[in-house]
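S.K.: Provided herewith is a single structure, encoded as structure tokens, for subsequent inquiry.
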Amino acid sequence: MEFTPRPNRELDNKPERPKDGSETVPAIFPGKPKQHHPSRRSFLKKVMKLGLTAGAGLFTGGYAWLWEPRNLEVEHVNLTLPRLPQSFQGMRVAHFSDMHLGFHMDKSDMERLAKAVREQSPDIICFTGDMVEAKAEPMAECVPLLRSMQAPLGKYAVLGNHDYRGREYKKLAKLYHDAGFTLLVNEHVTVERNGDIIAIAGLDDALNGVPDPAAALDGLETDIFTLLLMHEPDYADISSGYAYDLQLSGHSHGGQVRAPFIGALTTPRGSHKYIQGLYYTGKEGASMPVYVNRGVGMTQLPIRFLCKPELTMIHL
């Protein structure tokens, strides 16, 4: 099957993020958004924190700063999903998330990821948001590398909360199209193989957008297997009430910094419950699975510790 990306229709009517940086809709998840335009005092505190981190990085031989963030790990996950049609049995889904281009992540990091994706020869490629840290420009030089990622059943993406930060999601949408990805915003596409059909659905970001799980299913028969892409993993407790068979998410970075025997030291809103790996929204086998990718990039601090960047290969 030859895949042709299509322009996104939803972005023409999307809400603009206010210039003061506040959220566009009432928060789905409790808590306050992080301050992205800090005062002088908070800026100095962050500089001090970075200084301490630098000292720690030197003390550990640069492991958390230089080695682990560049050591991409390919995780293989086998899932049996009862509604998956016979023609799609054995489908290989490449899932990655949270590149954060522009924050200590650049073309060289995308080259590493693109090579890993090509080596896996996936049937479908899914990206679950935060391609950039804020502005769209750092993505532009990576378009040829994103285009080099090939999958016969298509390449799909959704927006994350950082994709809203620079208020340039329309530019991002064009770059996705140029790279051969279909950007899904509260909508779905169908994929056919040997007469069988599945759907790929994508929701808007839950922190700075307006996700609509019902709209994303509009026009689909209820018995069609549907793979959902959604940036924030904790939204699975909402989406599991709809006819979705599997949710793929990112956002958490797996905590980005993890401590032995403790796990993630902190995770952002929308990823307090589902942090990394495979979960079920209820009893296993009788509820929707949600897989949380640890992401490729970093934010807030340019380190990873006991939390390698991840490319997930899901075998259905």
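The values are calculated or read from the model by the stated rules, or taken from the named source; none is laboratory data. The shown structure was predicted, so the numbers you read here are calculated from the model rather than taken from an experiment. Cβ sites come from the backbone with ideal geometry, for glycine too, and all protein chains shown count toward neighbours.
S.K.: Would you mind telling me which numbered condition in (1) out of contact with any Phe, Trp or Tyr (no Cβ under 6 Å at 6 or more places or on another chain); (2) under 22 Å from Met131 (Cβ atoms); (3) basic (Lys, Arg) Arg269 fails?
M.R.: (1)
S.K.: Just to be sure I understand, how many residues within the stretch 239-260 are without any contact (Cβ under 8 Å) to a residue 60 or more places away in the chain and of a type outside the set (Lys, Arg)? Reasoning before the result, please.
M.R.: Here is the first cut: in the stretch 239-260, the residues without any contact (Cβ under 8 Å) to a residue 60 or more places away in the chain are 239-244, 247, 252, 254-256, 258-260.
Now drop any that are not of a type outside the set (Lys, Arg), which leaves 239-244, 247, 252, 254-256, 259-260.
Residues meeting the conditions: 13.
S.K.: Now for a different question. Take the stretch 286-307 and flag every residue that is in contact with a helix residue (DSSP H, G or I) (Cβ under 7 Å, 6 or more places away or on another chain), in a strand (DSSP E or B) and at pLDDT 90 or above.
M.R.: Result: Val290, Val292.
S.K.: In the stretch 278-294, how many residues are free of Cβ contacts under 8 Å to residues at least 60 places away in the same chain, surrounded by fewer than 20 Cβ atoms within 10 Å (Cβ to Cβ) and not hydroxyl-bearing (Ser, Thr, Tyr)?
M.R.: Result for the stretch 278-294: 5.
S.K.: Anything in the stretch 194-210 that is more than 17 Å from Leu246 (Cα to Cα) and either of a type outside the set (D, E, K, R) or within 15 Å of the chain's Cα centre (by Cα) (or both)? List them, or say none. Step through it out loud before you land on a result.
M.R.: Going through the stretch 194-210, the residues more than 17 Å from Leu246 (Cα to Cα) turn out to be 194-196, 205-210.
If the condition is that a residue be more than 17 Å from Leu246 (Cα to Cα) and either of a type outside the set (D, E, K, R) or within 15 Å of the chain's Cα centre (by Cα) (or both), then Asn194, Gly195, Asp205, Ala206, Leu207, Asn208, Gly209, Val210 are the ones that fit.
S.K.: For Gly255, only one of the following conditions fails: (1) more than 19 Å from His95 (Cα to Cα); (2) touching a Ser or Thr at 6+ places or on another chain (Cβ under 6 Å). What is its number?
M.R.: (1)
S.K.: Filter the stretch 204-219 down to the residues that are out of contact with any Leu (no Cβ under 7 Å at 6 or more places or on another chain), within 23 Å of Leu81 (Cα to Cα) and among the hydrophobic types (A, V, I, L, M, F, W, C) and list them by number.
M.R.: Matches in the stretch 204-219: Ala214, Leu217.
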